[in-house]
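Below is one structure, written out as structure tokens; comments come after it.
The values are calculated or read from the model by the stated rules, or taken from the named source; none is laboratory data. Bear in mind the structure is a predicted one, so any value in this text is a computation, not a measurement. Counting neighbours? That spans all protein chains shown, and the Cβs are built from the backbone with ideal geometry, glycine included.
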Amino acid sequence: MESSIFSEIVSTEWLNENLTDQNLKVVQVSFGNDDSEFEKEHIQGSVWWYWKSVLWHETDRSFPSPEDLAIRLGTYGIDSETTVVLYGDPVQFGTYAYWVLRMCGHQKVCILDGGLKKWKAEGRPLTDIQSQYEEKMNSSFDELSSFSVGRENVLENLASSDRLLLDVRSFEEYNGERVMPPPGFDHGAERTGRIPGATHLFYGQLINEDGTFKENQELRSVVEPICGSSDNDKEIVIYCRLSHRATLVWFAMVFILGYTNVQVYDGSWTEWGSIVGFPIEK
């Protein structure tokens, strides 16, 4: 993958060479609200985020305003001139953070391809020393274009021939057997099933075992038979259960493959599958 500071995706080699850059901040975004493993070992200078505490509005199921985001990021020593290198635990939480930060106006954001898993597999240095940084509280972000759609938009366009609705959950979820991926406790929506007319593409087909994205041609061989080529103008709306997996597919389609009309349904199945009167199919 590309390894320029202006790329949306950077390699472990690039990060290793640029780790001492004072205008760079590495962030691990985690699914669980427990940083004990991060405290034991992490990439030098990196910080840890629990995804909800940084990327969601304090009380509403929505995103922070650009002003609020600037304050939150400032507490981690990040301002509008800081390049933020994200990786997820698991991988889709990195792309989710990228999606939110871009929508809230921070433009200098990229994904570490392969994340901590690849970094460790290559024997690169880790530390248990906590990062020291100065807070930056004078920054501001300007909100950019939205990469998301809401439930009413999805409902109103169910019959549209100009839109492809893409379900990137596991087959068990798509087929109505579960509301979250196996194994484990099954929860997250009141009903099983899928949004009517949705086409299936499992998000895991886009990444390798080490957490890196597959190469361009391999990605195209997976995506294009379902979504068409990147030069068509059909709108594509992606959803999963909570929108994390959807952002991974969105990121790959937009920033690796060059699709230009791709959105994420933020509420995804957790919302849709719990709304009284909204149609489903199995």
**Filter result (surrounded by fewer than 20 Cβ atoms within 10 Å (Cβ to Cβ) and either in the same structural domain as Gly211 (by TED's automatic domain parsing) or closer than 28 Å to Pro181 by Cα (or both)) within the stretch 69-88** = none
**Request:** Could you look through the stretch 35-68, keep only residues that are of a type in the set (Val, Ile, Thr) and surrounded by 12 or more Cβ atoms within 10 Å (Cβ to Cβ), and pick out the one that is modelled with the lowest pLDDT?
**Result:** Val54
**Asked** If we only count helices (runs of 4 or more DSSP H) wholly inside the stretch 1-75, which ones have 2 or more residues that are within 19 Å of the chain's Cα centre (by Cα)?
**Response** 51-55, 66-74
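This table checks each residue for (1) closer than 18 Å to Ser161 by Cβ; (2) among the acidic types (Asp, Glu); (3) modelled with pLDDT under 95.
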site: Asp231; (1), (2), (3): no, yes, yes
site: Ile236; (1), (2), (3): yes, no, no
site: Cys240; (1), (2), (3): no, no, no
site: Ile256; (1), (2), (3): no, no, no
site: Val264; (1), (2), (3): no, no, no
site: Gly273; (1), (2), (3): no, no, no
**Prompt:** Which members of the stretch 21-33 meet the condition of being within 18 Å of Tyr96 (Cβ to Cβ) and surrounded by fewer than 12 Cβ atoms within 10 Å (Cβ to Cβ)?
**Reply:** Gly32, Asn33
**Asked** If you take the residues of the stretch 241-270 that are within 17 Å of Phe63 (Cβ to Cβ) and part of a loop (DSSP other than H, G, I, E, B), which of them is farthest from the chain's Cα centre (by Cα)?
**Response** Gly267
**Request:** Provide a single number: the residues in the stretch 149-166 that are closer than 14 Å to Ile280 by Cα and touching a helix residue (DSSP H, G or I) at 6+ places or on another chain (Cβ under 8 Å).
**Result:** 3
**Item:** Residue count for the stretch 101-159, restricted to those that are under 30 Å from Lys214 (Cα atoms), assigned to a loop (DSSP other than H, G, I, E, B) and in contact with a Ser or Thr (Cβ under 9 Å, 6 or more places away or on another chain)
**Value:** 10
**Request:** Could you check how many residues of the stretch 161-171 are in contact (Cβ under 8 Å) with a residue 12 or more places away in the chain, surrounded by fewer than 16 Cβ atoms within 10 Å (Cβ to Cβ) and either hydroxyl-bearing (Ser, Thr, Tyr) or outside any loop (DSSP other than H, G, I, E, B) (or both)?
**Result:** 1
